[in-house]
Amino acid sequence: MNKPQSLRRQLLSKLTLPLVFVVLLGAGSSYFVAMHYTDLAYDRWLLDSAKSLAQEVHAKQNHVTFDLPPIAVEVFRWDDVDKTFFKVESQGEGFMAGDADLPSPALASLKNNEPLFSNGEIDGHEVRIVSVLTRPMPSSESVLVSVAETLNKRYSMMTEILLAVLLPQVLLLFITGFHVWTGVKRGLRPLNDLAGHLAERSARDFNPILDADVPLEVRSLTHTINDLLQRLGSTLITQQRFIENAAHQLRTPLAGLKLQAERALGADSPEAMKAALWHIKHAADRVAHLSTQLLVLARSEAVSQSAPEFKAVDLVKLARESCMDWAPRGLDRDIELGFDAPDAAVKVAGDEVLLRELLSNLLDNAICYGNSGGHISVSVQPSPQAALIVEDDGPGISASEQEKIFERFYRVQGSQGEGCGLGLAIVKEIADLHAARLAVTSDGTTGTRFQIVFGAE
Ligand SMILES: Nc1ncnc2c1ncn2[C@@H]1O[C@H](COP(=O)(O)OP(=O)(O)O)[C@@H](O)[C@H]1O
Ligand SMILES: [Mg+2]
């Protein structure tokens, strides 16, 4: 099973992660920008120092000298944060003054007046070095003057710039993060409120959730819940009505049973007792029939509520067997049962027990309400429009009644027989379960035709 995803966590991460990413990117670029401008500023200063030293290189009779009094050297070197180094060397004379250990570039690598910046190390200190070339007149000899400085000032300046740029950004991140967090919490509150509201509802409260109580985005959810509530509400009402009807239907034969039993007990002749017992049997038959019908309805409802497991059912075999079962009942009323079906099997996906029940109810009605001495025909039509048809030549059903006969417990007034008005409701329920089309045709005077058309298998 998938781990349930937290909407809040998703929103928070989707909103905060890009923010953190932007701040990190900002920090990275600030670092390089700070480094660049710090270097630029201090390099310029270093270059000035190198140039001022280069001015102290003089030429005397074809011979270059560098004269800087020790006090001037001390002033030059004085710096309370960084250490400064320098080195003067010439082509001919080699090292002339300063720190001999200072690494310097090869003379040839310097183009005339262009200073050369490099990084190096002296006495274990990392330094930035600038080298300039000077050629004191009238001598033609080149003198290389290099000045180096440790990086402390640069580092502290970079840190200052970075802090100045980053601190507000981090602060901004926290403020925005806080607002995102509270915003998401507040945004999700209607969902929590809705859950609380639903949890507090009574199990019989099917009133819709009002649009005014929920934000726009949640309405599609509440509309679906409202739909469900409405359907549940009407199912409950239908079921309640059904139970009331069933109880009412049972009460009549049971009251008859009681009355006849009392009569039988008080009978003073065997004939009177026998008559009462016949009535008892009659009432017991009605109760038995009613309970069977109720069970069939309950069963087909249960099947329709769980995903039905249909198997291939042969309509020809089913119809033939049903006809054989019902033929004796037909003969009792002098009704002939005809059967017409293709030779080959006509298979549909279905529940065999329920389909048999469907056909039984149609045959029961046709025999019960058909004219004695009449004819009933049961036919099966082949696929793809596989269909079951039960037709009789009885009194028919008027158009106004045709709409009502499929309702539960509905009987046409004055109908004979032991029915309780559930037969055709069962037929409809089973047809619906099989996604079959159920149609009744009758001109209201002679004959009724019930047709159930199944979808192609
Ligand atoms: N083949 C038929 N011919 C005439 N009327 C019929 C036929 N089938 C059903 N009906 C009418 O439809 C009504 C409902 O049928 P049904 O639901 O089976 O209930 P029940 O048979 O218990 O009365 C019956 O009362 C009857 O009047
Ligand atoms: Mg019936």
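A few comments on the model shown:
- Helix content alone sets the calculated 222 nm mean residue ellipticity of the chain: runs of n ≥ 4 DSSP H residues at -39500 (n - 2.57) each, divided across all residues, give -18500 deg cm²/dmol.
- Counting all C-alpha pairs of the range 311-453, share separated by more than 18 Å (%): 53 percent
- For F95, the shell of other residues with beta-carbons less than 15 Å away shows a net charge of -4, using +1 for Lys and Arg and -1 for Asp and Glu.
- Taking amide hydrogens as placed 1.01 Å from N in the peptide plane, the amide H of G447 sits under 5 Å from those of G394, G396, each at least 5 positions away in sequence or on another chain.
- Gap separating the Cα centres of the range 303-365 and the range 209-286, nearest whole Å: 28 Å
- Net charge of the neighbourhood of L318, taken over other residues with C-beta under 13 Å away and scored Lys/Arg +1, Asp/Glu -1, is -1.
- Net lengthening on full extension, N371/A312 (0.36 nm per residue, minus Cα-Cα): 17.7 nm
- Segments 344-350, 426-432 sorted - mean Cβ within 10 Å per residue, highest first: 426-432, 344-350
- Links that overshoot a 21 Å alpha carbon limit, given the list K51/K87; K258/K281; K281/K428; K317/K404; K14/K185: K281/K428; K317/K404
- Counted residue by residue at 0.36 nm each, then reduced by the alpha carbon distance between them, the extension gain from F32 to R204 reaches 55.1 nm.
- Surrounding net charge for G124, when Lys and Arg each add one and Asp and Glu each subtract one, Cβ distance under 12 Å: -3
- Multiplying the residue separation of A272 and I243 by 0.36 nm and removing their Cα-Cα distance gives an extension gain of 6.9 nm.
- Given R0 = 22 Å, the distance between the Cβ atoms of Y410 and D340 translates into a calculated FRET efficiency of 0.15.
- The relative contact order of the range 7-159 comes to 26 percent, based on Cα pairs under 8 Å that sit 6 or more residues apart.
- Mean separation of Cα contacts under 8 Å (6+ apart) over length of the range 205-330, as relative contact order %: 17 percent
Coordinate-derived values only; no laboratory data. Treat the numbers as computed from the prediction; the structure is a model and nothing was measured. Positions of Cβ are generated from backbone atoms using ideal geometry, with glycine treated the same way; all protein chains shown enter the neighbour counts.
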